[in-house]
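K.L.:
Handing you this structure, nothing more for now.
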Amino acid sequence: MQETDELEIPELTGAEMVEVDRSMVEDFGIDLPRMMENAGRALALLARARFFDGDVTGHRVAVLAGAGGNGGGGLVCARRLSAWGADVEVHVSRPASEIAGVPGEQLAMLQRMGVPAHEPCDTPGIEHVDLVIDALIGYSLHGAPRGTTLALIDAANLALAPVLALDVPSGLDATSGETPGVAVIADGTMTLALPKIGLSAPTAEPYVGELYLADIGVPPSLYARHPLNLAVGPIFAMQEIIQLR
């Protein structure tokens, strides 16, 4: 992994990451499918390298996916890992009919590939897998997790397999680092674009595990614009994924 000792990497609040996503689409024309594909591909690459010694063939992976952008990234990861030879199962927090937009397109791709996608009404346990991917909520947490999302977080925490979270462990506030309810206890977290400030809070430490940062294609000039006004260098000059701690 690329060394980060000499890199100056700012942190973002959840609201600032919302602005990054908005500016990517509206100001730079870098659309959501491209960002989601970048995020999911990076997550699959990290899962393969960190947890499977570079070969996912035959390993069982459970991907827990919400209905938003975080879930869409998890579904891209599921598609990649399945194509690479992993035995992948997906558990969605809402019925497939309610997953719309780009995440819905990703779910449809998986269904065409024959990847099992368990809906809330038939979600089985996930005890017998080699890795759990948490892509339920991300930085868009609003209050304590409820319903199927809460049940899937509990299932992830009860699983004997390691857990890799996308962007922010589900249930952890990206800005404060607090947990208004139950949160995923991850062995590793791969955050996107820039680290979320809440991941560095002392309260977040038990949930984050190893922290990685992945490139989703944000131009450094975007960060320099108002209202972010951040100086961000070429932090991914050597690798697309870097380990922060």
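The values are calculated or read from the model by the stated rules, or taken from the named source; none is laboratory data. The model shown is predicted, which means the values in this text are computed figures rather than measured ones. A quick note on method: Cβ atoms are made from the backbone with ideal geometry, for glycine too, and the neighbour counts reach across all protein chains shown.
K.L.:
Being crowded, with 17+ Cβ neighbours inside 10 Å, more than 15 Å from the chain's Cα centre (by Cα) and closer than 21 Å to Ala237 by Cα is the filter here, so list the residues in the range 12-49 that pass it.
P.N.:
Selection gives Leu12, Val20, Met24, Ile30.
K.L.:
What tally of residues in the range 46-63 results from selecting those that are of a type in the set (A, V, I, L, M, F, W, C), under 15 Å from Met190 (Cα atoms) and touching a residue at least 12 places away in the same chain (Cβ under 8 Å)? Even if it seems obvious, please write down each step before you answer.
P.N.:
Residues of the range 46-63 of a type in the set (A, V, I, L, M, F, W, C): 46-47, 49, 51-52, 56, 61-63.
Going one step further and asking which of them are under 15 Å from Met190 (Cα atoms), we end up with 46-47, 49, 51, 63.
Okay, now just the ones that are also touching a residue at least 12 places away in the same chain (Cβ under 8 Å), so 46-47, 51, 63.
Summing the residues that are of a type in the set (A, V, I, L, M, F, W, C), under 15 Å from Met190 (Cα atoms) and touching a residue at least 12 places away in the same chain (Cβ under 8 Å) in the range 46-63 gives 4.
K.L.:
Follow-up question, since we're still on this one. Take the residues in the range 73-91 that are without any contact (Cβ under 8 Å) to a residue 40 or more places away in the chain, of a type outside the set (Asp, Glu) and not in a loop (DSSP other than H, G, I, E, B), then tell me which one is farthest from Val56 (Cα to Cα).
P.N.:
If we filter the range 73-91 for residues that are without any contact (Cβ under 8 Å) to a residue 40 or more places away in the chain, which is where we start, we get 79, 81-83, 85-88, 90.
So of that shortlist, the ones also of a type outside the set (Asp, Glu) come out as 79, 81-83, 85-86, 88, 90.
Narrowing the set further to residues that are not in a loop (DSSP other than H, G, I, E, B) leaves 79, 81-83, 88, 90.
On the way: Arg79: 13, Leu81: 7, Ser82: 9, Ala83: 10, Val88: 10, Val90: 16 Å.
Selected residue: Val90.
K.L.:
Right, here's the next one. Kindly indicate which of Gly171, Gly177 is small (Gly, Ala, Ser) and within 22 Å of Arg94 (Cβ to Cβ).
P.N.:
After ruling out the rest, the residue left standing is Gly171.
K.L.:
Checking Ile126 against (1) at pLDDT 95 or above; (2) more than 18 Å from the chain's Cα centre (by Cα), which test does it fail?
P.N.:
All conditions pass for Ile126, except number (1).
K.L.:
Every residue in the range 50-66 that is surrounded by fewer than 17 Cβ atoms within 10 Å (Cβ to Cβ) and either in contact with a Cys (Cβ under 9 Å, 6 or more places away or on another chain) or assigned to a loop (DSSP other than H, G, I, E, B) (or both), please. Reasoning before the result, please.
P.N.:
Residues of the range 50-66 surrounded by fewer than 17 Cβ atoms within 10 Å (Cβ to Cβ): 53-55, 57-58, 60.
Asp53, Gly54, Asp55, Thr57, Gly58 - these are the residues of the range 50-66 that are surrounded by fewer than 17 Cβ atoms within 10 Å (Cβ to Cβ) and either in contact with a Cys (Cβ under 9 Å, 6 or more places away or on another chain) or assigned to a loop (DSSP other than H, G, I, E, B) (or both).
K.L.:
I've got another one for you. Among residues belonging to the range 136-167 that are more than 20 Å from Val90 (Cβ to Cβ) and of a type outside the set (D, E, K, R), point out the one that is surrounded by the most Cβ atoms within 10 Å (Cβ to Cβ).
P.N.:
Kept after step one, since they are more than 20 Å from Val90 (Cβ to Cβ), are these residues of the range 136-167: 139, 141-144, 146.
Subset that is of a type outside the set (D, E, K, R): 139, 141-144.
Numbers: Tyr139: 24, Leu141: 26, His142: 8, Gly143: 8, Ala144: 13.
Per the criteria, the residue is Leu141.
K.L.:
Let me ask something else about it. Across the range 92-111, what is the number of residues that are within 17 Å of Thr148 (Cα to Cα), assigned to a helix (DSSP H, G or I) and touching a strand residue (DSSP E or B) at 6+ places or on another chain (Cβ under 7 Å)? Walk me through how you get there before you give the answer.
P.N.:
Step one: of the range 92-111, the residues within 17 Å of Thr148 (Cα to Cα) are 92-99.
With assigned to a helix (DSSP H, G or I) added as a condition, the list becomes 96-98.
Filter once more, so that each one left must be touching a strand residue (DSSP E or B) at 6+ places or on another chain (Cβ under 7 Å): 96.
Result for the range 92-111: 1.
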